[in-house]
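*Asks:* Please see the structure below; I have some questions.
The values are calculated or read from the model by the stated rules, or taken from the named source; none is laboratory data. Owing to the predicted nature of the structure, the values given are computational and were not obtained by experimental measurement. When we count neighbours, we look across all protein chains shown, and the Cβ atoms used for this are built from the backbone with ideal geometry, even at glycine. Note: accessible area is taken over every heavy atom of the protein model, side chains too, but ligands, DNA and RNA are not part of it. Shrake-Rupley method; radii C 1.70, N 1.55, O 1.52, S 1.80 Å.
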Amino acid sequence: MKKRLITGLITAASFISSAFAFSWGGMLDNASKVSANNDFSAIVFNQSNGIYLNLSANLKPDASLRFSAEGLYKYNLNCDFKEKENEFKNIADISLLKLSGNWTIAGGNLALSAGRFRYSDYSSSVFSQTSDGLYLSYDNLKLKASLYGGYTGLLNRLNVSMVENEYEDKEQIYALCPKYIPVLADFSYKALFETHTVGGQVAAYFPVSDKNTMKAYGTLIANGYLGTLASYDARVTLGTEKFDGLMLDAMLDANFYLRSDLRITLGGEYVSGAQGGIKPFQTISNRSFGSSPFYNGVIVPKLAALYASGKLLAAVTERVIISIPESEAKLDGFDTAINLVYNVFSDLQCGLDAGAYICKESKEFTTFYATAKAALAF
């Protein structure tokens, strides 16, 4: 009887593995960060280690229907040597739990995703995070249209960064995010003058709790190639909070491909403050301009270089932070970021992030940091 049971279990496992093309894997990561103020009198050390486990399965032989999931545990240790204070947080989360399908219909691709997965709006600045929701899109050679609806109230705010998160010192493992229902719809035309894309998106974020406020946005985008050695990416986002005035975010980047392994980006972004009838720009997901203390009321020119060859990826970004909270604009500081990633082996990656914010207005906002990273896949 025992032999029959074991044989039956092995046969069932083999059948499931074959039928659903089941696979799994994982990753261990490390991030050690040191940051300091302008005169290095206040030094903070942050240590984080995590383990991530993922699995996926094709639910149909042609892979048109697929299931994928990722769970994680990590801890964050924050040590403030000047204040002699330590903070330790345990975090556990399901960062991915998705059922996805792809079908060819009328010469295009119909895609469906349902569950918990990462989603970004057209601007990538208002809403760019993991969320629970449903995404439907249709894409062909010339057109793309999509719909997204979701709910943020079941996410872990210890692992998802939202503007209205309210952290408490004693929170451990899992704490709920602000409750919004995001609804987004977009349309783009990808064959303007053959190599250019134009599109638009409308988005609304409906609060479920009285602690949060309704926000709505409209975004226009344009991007494409300028010959073989340059491309551009432009967007303009108008928003409103409780339909009380307008807020504005506008960005333009120009990319120059000097070699096959080297790209230079020159660009800038304006994020409204309280200029006349314009309101300060508010987002749903947290965003930043490097180590700058500003997230709205700024003009940010940018120069960046990206080098990618073989096992090495290196990026350098320089931002000029011009603050314009109301009518007067002034140079606040310079943000410098250096990012290095090296693939030691196919399953081992090491990296270094370093940078500084040099504040011209007030030295107390000058900061320096360096982060050593490593990730091992298995």
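*Asks:* Could you list, in sequence order, all residues of the stretch 137-164 that are assigned to a strand (DSSP E or B) and either touching a Phe, Trp or Tyr at 6+ places or on another chain (Cβ under 7 Å) or surrounded by 18 or more Cβ atoms within 10 Å (Cβ to Cβ) (or both)?
*Replies:* Hits for the stretch 137-164 are Leu143, Lys144, Ala145, Ser146, Tyr148, Gly150, Asn156, Met162.
*Asks:* Within the group Asn49, Asn109, Asn86, which residue is among the polar types (S, T, N, Q), over 30 Å from Phe206 (Cβ atoms), part of a strand (DSSP E or B) and open to solvent by 50 Å² or more (accessible area, probe 1.4 Å)?
*Replies:* Just a single option satisfies the conditions, and that option is Asn86.
*Asks:* What single numbered condition from (1) open to solvent by 60 Å² or more (accessible area, probe 1.4 Å); (2) in contact with a strand residue (DSSP E or B) (Cβ under 6 Å, 6 or more places away or on another chain); (3) over 20 Å from Ser125 (Cβ atoms); (4) of a type outside the set (Asp, Glu) fails to hold for Gly310?
*Replies:* (2)
*Asks:* Which condition number in (1) at pLDDT below 95; (2) more than 30 Å from Pro207 (Cβ to Cβ); (3) of a type in the set (Val, Ile, Thr) is the one that Thr366 fails?
*Replies:* Every condition holds for Thr366 apart from (1).
*Asks:* Moving on. Which ranges mark the strands (runs of 3 or more DSSP E) fully within the stretch 306-371 that have 1 or more residues being over 25 Å from Phe45 (Cα atoms)?
*Replies:* Answer list for the stretch 306-371: 312-323, 330-345.
*Asks:* Enumerate the pairs (first residue in the stretch 268-288 and farther than 17 Å from Val163 by Cα; second residue anywhere and open to solvent by 50 Å² or more (accessible area, probe 1.4 Å) and of a type in the set (A, V, I, L, M, F, W, C)) with beta-carbon separation below 6 Å, excluding pairs fewer than 6 apart on the same chain, so at least 6 apart or on different chains.
*Replies:* These pairs meet every condition: Tyr270/Ile299.
*Asks:* Taking Val202, is it touching a strand residue (DSSP E or B) at 6+ places or on another chain (Cβ under 9 Å), of a type in the set (A, V, I, L, M) and modelled with pLDDT under 95?
*Replies:* Considered against the rule, which asks whether it is touching a strand residue (DSSP E or B) at 6+ places or on another chain (Cβ under 9 Å), of a type in the set (A, V, I, L, M) and modelled with pLDDT under 95, Val202 comes out as no.
*Asks:* Which condition from (1) touching a helix residue (DSSP H, G or I) at 6+ places or on another chain (Cβ under 9 Å); (2) small (Gly, Ala, Ser); (3) open to solvent by 30 Å² or more (accessible area, probe 1.4 Å) is the one that Ser260 breaks?
*Replies:* For Ser260, the exception is condition (1).
*Asks:* Out of contact with any strand residue (DSSP E or B) (no Cβ under 6 Å at 6 or more places or on another chain), crowded, with 18+ Cβ neighbours inside 10 Å, hydroxyl-bearing (Ser, Thr, Tyr) and touching a residue at least 24 places away in the same chain (Cβ under 8 Å): is that true of Ser100 in this structure?
*Replies:* So Ser100 does not fit the description; no.
*Asks:* Which residue out of Tyr167, Tyr119 is in a loop (DSSP other than H, G, I, E, B), under 23 Å from Phe289 (Cβ atoms) and of a type outside the set (Lys, Arg)?
*Replies:* Result: Tyr167 is the single residue among Tyr167, Tyr119 that is in a loop (DSSP other than H, G, I, E, B), under 23 Å from Phe289 (Cβ atoms) and of a type outside the set (Lys, Arg).
*Asks:* How many residues does the stretch 272-303 hold that are on the phi < 0 side of the Ramachandran plot, open to solvent by less than 20 Å² (accessible area, probe 1.4 Å) and not β-branched (Val, Ile, Thr)?
*Replies:* Going through the stretch 272-303 one residue at a time, the tally reaches 6.
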